[in-house]
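Here, each number is a calculation from the coordinates, and none is a lab measurement. As the structure is a computational prediction, the values presented were derived from the model and not from experiment. Cβ: placed from backbone, ideal geometry, glycine included. Neighbour counts: every protein chain shown.
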Amino acid sequence: MESGQHDWRVRLAAFDFLKERVGIHGDLLPFQVLSRGFDYEGVRVPLLGPQGIFKPRVLPSIPLTITTAPVVQGKVRPYEDEFGEGGTMRYRYRGTDPRHRDNVGLRRAMELRVPLIYLYGIVKGVYIATWPAFVVGDEPNRLTFTVQLDESSVLALPRDAVFDDDAAARRKYITVAAKKRLHQAAFRERVLHAYHRSCAICRLRHDELLDAAHIVPDSDPEGAPVVSNGLALCKLHHAAFDRHFLGITPELRIEVAAKLLEEEDGPMLRHGLQGFHGKLLHVPRRASARPGLAYLQKRYALFRETA
């Protein structure tokens, strides 16, 4: 019993630590913060290790975190390998042996309904932490566990209430919402990283005023959340791009809508929009991160049709 109480206290301390760190750093947590972790009764408790399933020494048997590694530069991690349909997430075994101690630990977490922390790698050295995460299924034939996310307020409830009749529907909804949030954050960070955190049109460099704009909208079946379908734009140029006041030609030239070029207004219109007509877009040096031709052609055709 004492072992279970100790485990629970460590987890609550980890959740409090993450809440505090998010308050300082925002949702994007640096690797150094997670790998250093926090001190519990004089013992350091890191939240990250070399493997995706991680149990610090201070815990007796059940892992504390599960991690999806950051995407490797130039490669795309398929989202389908992580989030499934119906508000669940698939998490792969450590290796191929269901009896590996890490897999046994997650199986134990499922049996005892122990909450975990899910760390989602955005880019190298940057993660988003989501908690609590519960293992709700085990598929040895597919070498995967099924995981669902929940809201942190349930941690204050009695253990039975966390898994009451409404829990499955609640966790499904929260997991779907978390999937969208994680993927949006990942897309934004990867695009801004590729463009050296500056607007592709005006070169503004303040993160707070920058967005990751889709070339082909994400509502379109072809609007993949990949860097080659993204542009780093300041909020003014993002709004103008979305509303077809300006477009990007397949040759990477900025084109301002004719109706806007004919207008006469103050310096914002003249210097902020009209002045960029005909200029080249600033794009990443890495070819795989530059705007994809097919995306540009599709979006430019829509711009010409609308403008």
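Here, P(r) means the percent of Cα pairs in each 20 Å bin from 0 to the largest distance; for the chain it is 30, 46, 21, 2. With the simple model of a label 7 Å out from the Cα in the direction of the Cβ, Y173 to T306 spans 3.2 nm. Applying 1/(1 + (r/R0)^6) with r as the Cβ-Cβ distance of W8 and E251 and R0 = 51 angstrom yields a FRET efficiency of 0.25. Here the 3J(HN,Hα) profile of the stretch 20-32, calculated from phi with Karplus coefficients 6.51, -1.76 and 1.60 at θ = phi - 60°, is 5, 5, 5, x, 8, 9, x, 5, 8, 9, x, 3, 4 Hz, Gly and Pro shown as x.
Placing R0 at 22 angstrom, the Cβ-Cβ distance between K19 and R108 gives a FRET efficiency of 0.30 after rounding to 0.05.
Length gained on full extension, L209 to D39: 57.6 nm, using 0.36 nm per residue less the C-alpha separation. For T144, the amide hydrogen comes within under 5 Å of the amide hydrogens of Y93, E139, counting only partners 5 or more places away or on other chains and with H modelled in the peptide plane. The angle between the Cα long axis of helix 167-194 and the longest principal axis of the Cα atoms of the chain comes to about 50 degrees, rounded to the nearest 10.
Across all directions of projection, what mean area in square nanometres is found for the Cα convex hull of the stretch 15-153?
Values: hull surface 35.9 nm².
Result: 9.0 nm².
Hand me the tally of lysine pairs in the chain: alpha carbons under 23 angstrom apart, and the pair either on different chains or 8 or more positions apart. Lysine pairs, 8 or more places apart or on different chains, close enough: 19.
Extension gain, E139 to D265: 0.36 nm times the residue separation minus the Cα-Cα distance gives 39.0 nm. The Q184 and A258 beta-carbon pair, evaluated with R₀ = 41 Å, returns a calculated FRET efficiency of approximately 0.80.
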